[in-house]
Structure formats: C-alpha cells, structure tokens
Amino acid sequence: MPIDAEYREYLETQLKRTLLKKDHPLRPRTRYFIDLIAEQIDLDMARVLCVGCRNYQELKYFRSHGVREAIGIDLYSEQADIQMMDMHALRFPDASFDLVYSSHSLEHAKEPERVVAEFARVLNPNGCVAIEVPIEYQTTNADIHDFGSLERLHGLFGTHLREVVWSERREPNDPITAEPTAIARTIVRVNWLAG
C-alpha cells in the first residue's frame with residue numbers, strides 16, 4: 001500500500017492515540033468478550049491474531065484460554081509478541097490464523113472494507129473473525145467510523161460473510177461492559193480470500 005502524505009498523517013494520528021492508551025489495563029469489556037468467544041468457538045490450540053492490542057494484556061488473557069499462539073499487531077510495540085504493523089496490509093501469509101480478534105480497532109481504519117478483506121485473507125478457511133466496535137457515537141479524526149449497527153458491521157464483509165456465529169448490541173453504560181457508548185460485537189465465519 002503506497003504511503004502518501006494523507007495516509008502518513010492518518011497513521012501518525014492513530015499512533016498518537018495508541019501511545020496515549022498503551023499502558024491501560026485489560027478492561028472488563030475485553031475480558032467479557034474473550035470469555036464469550038471461548039464459549040462460542042474452540043480456542044484450544046488456536047492461533048489468534050489480536051489487532052490493535054497496544055500491550056500484552058489481551059494476548060495473556062487469550063493464552064489463559066488455552067490458545068496455542070497469540071500474536072498482536074499495533075502501530076507501536078514494546079513486546080516481541082506484538083508486531084508493528086498496519087491492519088490495512090497484514091504481513092502474514094494466507095490462512096495463518098484460526099481467529100482474528102479486533103476490539104475497538106476497526107473504527108480507526110481508514111478503509112474498513114480493505115481491513116476486513118485482510119482479516120479474511122489471513123484466516124484459516126474454517127476460522128472466525130471476532131469484532132467489537134463502539135456504535136452511535138461522535139466520530140473524531142482518530143475514531144473515524146461509526147458503523148451504527150450490527151447489520152452495517154456485517155455488511156463490511158459483503159458476499160464473503162458465510163455465517164454469523166454470534167452477535168450482540170449493548171447499550172451505553174451497560175453494567176456488564178461499563179462503556180459510555182453503545183457497543184456492537186460479532187463473531188463471524190467468512191469465505192476464505194486467497195491473497
């Protein structure tokens with residue numbers, strides 16, 4: 001993907017956002033979603049990609065569920081298990097992961113359709129994508145997209161969406177996840193996309 005001045009500015013904005021949050025502890029909503037994923041799909045010996053994980057906490061929590069490998073990507077890293085990488089251009093071979101997990105990352109994508117195509121490309125043919133995004137909120141130059149609903153979130157996959165394994169919408173200040181915005185979560189299977 002060519003890097004022009006506009007794209008460089010986009011990456012710098014996202015990097016600043018990551019650096020502000022890099023030391024945050026694991027949030028209740030993250031534990032909740034990972035626990036729920038473990039109930040819906042077999043994580044035993046799975047290879048998991050955590051997109052935009054910022055620090056080791058998500059990887060450690062996935063490992064507590066018996067995954068074989070948990071690798072993170074972000075625009076900044078202080079850990080060997082988190083590779084510095086742009087989610088629009090994943091540097092992994094096709095069919096590398098059993099689960100692609102993206103929590104509060106996809107709303108930051110400059111081109112969400114391109115990102116979900118990359119998710120599908122690096123996913124094993126029977127793997128799953130698990131996504132959590134805020135919805136119905138005021139966008140900013142860092143939080144670029146409000147997908148608005150589960151239907152619009154699923155729509156990003158177009159004809160590649162094979163099955164919705166599970167999904168939910170949570171209202172603002174929900175007691176389980178304690179977030180100020182509404183949240184959409186989904187676990188989907190997609191038709192594999194060879195690169």
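The values are calculated or read from the model by the stated rules, or taken from the named source; none is laboratory data. This one's a predicted model, so the numbers in the text were calculated from it and none came from an experiment. Because the Cβ atoms are built from the backbone with ideal geometry, glycine has one as well, and the counts that use them run over all protein chains shown. Remember, those area values only see protein heavy atoms, side chains included, never the ligands or the DNA or RNA. Shrake-Rupley method; radii C 1.70, N 1.55, O 1.52, S 1.80 Å.
With a ≥ b ≥ c taken as the square roots of the eigenvalues of the C-alpha gyration tensor of region 24-103, please select rounded if a/c is under 1.5 and otherwise prolate if a/b is larger than b/c or oblate if it is not?
oblate
Just the ratio, please: alpha-carbon radius of gyration of region 119-160 over 2.2 N^0.38 Å, N its number of residues.
Scaled against compact globular proteins, the figure is 1.37.
Does region 1-48 come out rounded, prolate or oblate, given a ≥ b ≥ c as the square roots of the eigenvalues of its C-alpha gyration tensor, rounded meaning a/c under 1.5 and, failing that, prolate meaning a/b above b/c? Each step should come with its number before you reach the end.
Details: a/c = 3.94, a/b = 1.90, b/c = 2.07.
Note, shape of region 1-48 comes out oblate.
Mind putting a number on the dipole of the chain about its Cα centre? Charges go on the C-beta only, +1 for Lys and Arg and -1 for Asp and Glu, and I need it in Debye to the nearest 20.
With only Lys, Arg, Asp and Glu charged at Cβ, the dipole is about 280 debye.
So if each residue of separation counts as 0.36 nm, and I subtract the Cα-Cα distance between Val165 and Glu151, what length gain in nm does that give? Before the final figure, lay out each step's value.
Values: separation 14, 0.36 × 14 = 5.04 nm, distance 1.38 nm.
So the extension gain works out to 3.7 nm.
So how much accessible area does Glu163 have, in Å² to the nearest 10, using a 1.4 Å probe?
Accessible area of Glu163: about 80 Å².
With +1 on each Lys and Arg Cβ and -1 on each Asp and Glu Cβ, how big is the dipole of region 101-195 about its Cα centre, in debye rounded to the nearest 20?
Details: 9 positive and 14 negative charges, 85 e Å.
Taking the Cα centre of region 101-195 as origin, the dipole is about 400 debye.
Kirkwood hydrodynamic radius, region 99-195, all distinct C-alpha pairs: what's the number in Å? Numbers along the way, then the final one.
Details: mean 1/r = 0.0736 Å⁻¹.
After inverting the mean inverse Cα-Cα distance, the result is 13.6 Å.
With every protein chain kept in the model, how would you rank Trp192, Trp166 by accessible area, 1.4 Å probe, largest at the top?
Working: Trp192 100, Trp166 45 Å².
Result, largest first: Trp192, Trp166.
Starting from the Cα of Asn126, move 7 Å in the Cα-to-Cβ direction to define the label point; list residues of region 157-195 whose amide nitrogen is under 18 Å from there.
162-166, 188-193, by backbone N distance to the label point.
When you take every Cα atom in the chain, what is the radius of gyration, and what is Dmax, the widest Cα pair distance, in Å?
According to the Cα coordinates of the chain, Rg and Dmax are 15.4, 44 Å.
If you put +1 on each Lys and Arg Cβ and -1 on each Asp and Glu Cβ, how big is the dipole of region 1-68 around its Cα centre, in Debye rounded to 20?
Numbers: 13 positive and 10 negative charges, 65 e Å.
For this selection, approximately 320 debye.
Among Ala184, Ser102, Tyr137, which residue has its Cα furthest toward the positive end of the charge dipole of the chain, with +1 on Lys/Arg Cβ and -1 on Asp/Glu Cβ?
Checked the options; the winner is Ser102.
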